[in-house]
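These notes concern the structure reproduced below.
The values are calculated or read from the model by the stated rules, or taken from the named source; none is laboratory data. On a predicted model such as this, the values are computed, not experimentally measured, just so you know. FYI the Cβ positions are ideal-geometry reconstructions off the backbone, even for glycines, and counts take in every protein chain you see. Ligands, DNA and RNA are excluded from the accessible area calculation, which covers all protein heavy atoms including side chains. Shrake-Rupley method; radii C 1.70, N 1.55, O 1.52, S 1.80 Å.
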Amino acid sequence: MVRLLFLLPFLVTLAAPPLHAAGKDVSYSVDGEPFEGYFAAAEDAKGLVLLIHDWDGLTDYERQRSDMLAELGYDVFAADLFGAGVRPTKVEDKRQHTGELYEDRERMRALMRGALAEAQRQGGDVGNAVTMGYCFGGAAVLEFARSGAALKGFATFHGGLGTPPGQDYRAVAGPVAVYHGSADAAVTLEDFATLASALEDNGIPHEMTTYGGAPHAFTVFGSDRYRADADEQSWAAFQDFLERTLD
């Protein structure tokens, strides 16, 4: 199902909450390489969310979102796909690190599998889990979905939506949710429509929502691209997705 939403008044205001020590940084390794993720545990968890960062690497933004989800009742493991201490600040460095993973899709998949294994070691229920990501992380989520990862759902916020040559959506194990800004100049509405067609053609349950006037990175607190109304609506939609998708 494709839903096109234009910005409507929303009853809940999603202000950026203060950072707090709900979770912990976690050092782990994948194939002998060091990484540093973040695990936020919920009381009486309703399931696990594997969170994938944007092209800045794992920063306080992902920690903050993890804590917010933990407060809602979900264990969260925020993965590190760049490596311990690799948190690029220059655009050319961000392009380099994401580009290396786009060029090596099997490594990208292996790093997400490794993060999921670490989430399980931390106590997360990988049998009752979804993955979600922002920007680059959204593209990584779709890569993981196409790999046939045995998760219950896949969600992307203003993420890359293209499908690499030779890949398809036949192996996707769960529903896909896409939250996209109509004013996104980096990922077009044509990309959005092409993905919708691919999911429909393969019989993959999906929910795809556009937010009028929202640019790329519309959920990033404090950014000049932040759009509170689109953030509030997409966050509420994702909560609903979690409630319906996880046991």
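Determine, from the Cβ-Cβ distance of Val91 and Asp191 and an R0 of 25 Å, the FRET efficiency 1/(1 + (r/R0)^6), rounded to the nearest 0.05.
Values: r = 21 Å, r/R0 = 0.85.
For Val91 and Asp191, the calculated efficiency is 0.75.
Residue by residue, what Karplus-based ³J(HN,Hα) values in Hz, rounded to whole numbers, does region 41-52 have, using 6.51, -1.76 and 1.60 with θ = phi - 60° and x for Gly and Pro?
For region 41-52, the Karplus-derived couplings read 9, 9, 7, 6, 4, 8, x, 10, 10, 9, 9, 10 Hz, x marking Gly and Pro.
I need the helices of the chain that pass two filters: whole DSSP H segments spanning 30 Å or more by Cα along the axis, and mean Kyte-Doolittle score no lower than 0.0. Don't skip to the end; give the middle numbers.
Values: long enough: none.
Answer set is empty.
Taking the Cα centre of the chain as the origin and placing charges on Cβ (Lys, Arg +1; Asp, Glu -1), which of Gly166, Gly57, Phe35 is farthest toward the positive end of the dipole?
Gly166
Solvent-accessible area per residue for region 106-247 at a 1.4 Å probe radius, Å²? Display every interim value, and only then the final one.
Numbers: 5000 Å² over 142 residues.
Result: 35 Å² of accessible area for each residue.
In percent, how large is the relative contact order of the chain, given Cα pairs closer than 8 Å and 6 or more residues apart? Write down the numbers at each step before the final one.
Working: 511 pairs, mean separation 50.2, N = 247.
Computed value for the chain: 20 percent relative contact order.
Take the solvent-accessible surface of the protein heavy atoms, probe 1.4 Å, and return the percent of it on the chain that carbon and sulfur atoms account for. Could you put the intermediate results ahead of the total?
Values: 5460 of 10540 Å².
For the chain, the apolar C and S fraction of the accessible surface comes to 52 percent.
Which one of Glu92, Glu200, Glu71 has the biggest mean-square fluctuation once the chain is modelled by GNM with Cα springs under 10 Å?
Comparing Glu92, Glu200, Glu71 in a Gaussian network model of the chain, the most mobile one is Glu92.
Taking percent of Cα pairs over 33 Å apart straight from the coordinates, which label in (i) 10; (ii) 20; (iii) 13 is the correct one?
Given (i) 10; (ii) 20; (iii) 13, the structure-derived one carries the label (i).
What spacing in nm lies between the two simple spin-label points modelled at Phe221 and Asp168, each 7 Å away from Cα in the Cβ direction?
Roughly 4.3 nm, to one decimal.
Which one of Val220, Val178, Val76 has the biggest mean-square fluctuation once the chain is modelled by GNM with Cα springs under 10 Å?
Val220
Taking Cα pairs under 8 Å and at least six residues apart, what relative contact order does region 73-198 come out at, in percent? Could the numbers behind the result be given before it?
Working: 155 pairs, mean separation 23.0, N = 126.
So the answer I get is 18 percent.
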